[in-house]
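**Student:** Have a look at the structure that comes next, please.
The values are calculated or read from the model by the stated rules, or taken from the named source; none is laboratory data. On a predicted model such as this, the values are computed, not experimentally measured, just so you know. Here the Cβ positions follow ideal geometry from the backbone for every residue, glycine too, while neighbour counts run over all protein chains shown. Heads up: the accessible areas ignore ligands, DNA and RNA and are worked out on the full protein's heavy atoms, side chains in. Shrake-Rupley method; radii C 1.70, N 1.55, O 1.52, S 1.80 Å.
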Amino acid sequence: MNMAFQTKPFAFDRIFSTAKVEEADAVEALAVMRAERDLLQSQLETGLVVARAEGFEAGLAQARSETAVALLAAADALHVSLEAVEEEFAAIEQRLSTVAADVAMAAAEGLAARALEADPARPIDEAIGRVLLQVARGQELRVHVHPDLLEKMEALIAERQSRDRRRLSLTLFADAALPVGDALISWEQGGLALDAAARRAAILAELDLMSPNQPNIDTTTR
């Protein structure tokens, strides 16, 4: 018996076409996911850059603030140190001024003593010259000196008279109460006492004039 077989095509196309559609959807979804991942990655990197920049600016601002505070504290400390140094310098300058005054005093006393020792009559003669410039011509002067200086003073007065055309009226008197080098010069209108204290004061006054920055030196008799 002949049986006739009739073949029909199997519907593979529908199945495969359905698979292709699902695969395309998966590829598209994967692409979307990758795009989202890239976007997230980009946003993350951008956020990290911004965060780092903001952190750097914040750190820089804090560092500047701390530096300003440190500089201010250092300036205050330096100002205090400078004030302390100035006070110490002023104290040292005062001590040096005192020492300088003492040295000047000792030098003046040494000069006066040496001048008296070398020629005790010379300061008296110089004092007579100053008085002659102040008194009237012909005014009589009475000069009291120590007896040991009479001879020397007579020689100095004779020398002075030889240089002056006017007649000098000078009379010497011996006075043992006067120290060698001291003198008392008197005239009608006044007098002049020449003693160690006066010479000391005069020398110190000259030193004070030559050193205007030095402190005033006490010229009272000690």
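**Student:** Test of understanding: among ARG163, ARG167, ARG142, which residue is open to solvent by 50 Å² or more (accessible area, probe 1.4 Å) and in contact (Cβ under 8 Å) with a residue 40 or more places away in the chain?
**Tutor:** ARG142
**Student:** Among the residues that make up segment 198-205, is at least one of them open to solvent by less than 50 Å² (accessible area, probe 1.4 Å), assigned to a strand (DSSP E or B) and modelled with pLDDT under 85?
**Tutor:** Looking for residues that are open to solvent by less than 50 Å² (accessible area, probe 1.4 Å), assigned to a strand (DSSP E or B) and modelled with pLDDT under 85, one finds none in segment 198-205, hence no.
**Student:** Do you know which residues across segment 162-177 are over 11 Å from ARG142 (Cβ atoms) and modelled with pLDDT under 90?
**Tutor:** Looking only at segment 162-177, we keep the residues that are over 11 Å from ARG142 (Cβ atoms), and these are 162-168, 174, 176-177.
Across segment 162-177, the qualifying residues are SER162, ARG163, ASP164, ARG165, ARG166, ARG167, LEU168.
**Student:** Among the residues of segment 139-148, how many are within 17 Å of GLY129 (Cα to Cα) and out of contact with any helix residue (DSSP H, G or I) (no Cβ under 6 Å at 6 or more places or on another chain)?
**Tutor:** 6
**Student:** Does any residue of segment 99-119 turn out to be modelled with pLDDT of 80 or more and not acidic (Asp, Glu)?
**Tutor:** Our first condition is that a residue be modelled with pLDDT of 80 or more; within segment 99-119, this holds for none.
Within segment 99-119 (the criterion being modelled with pLDDT of 80 or more and not acidic (Asp, Glu)), the answer is no, since none of the residues qualifies.
**Student:** Which residue pairs have Cβ atoms closer than 9 Å, lie 6 or more positions apart in sequence or on different chains, and pair a first residue in segment 77-98 that is of a type in the set (S, T, N, Q) with a second residue that is surrounded by 10 or more Cβ atoms within 10 Å (Cβ to Cβ)?
**Tutor:** Listed by first residue and then by second, the contacts come to GLN94/PRO215; SER97/GLN214; SER97/PRO215; THR98/PRO215.
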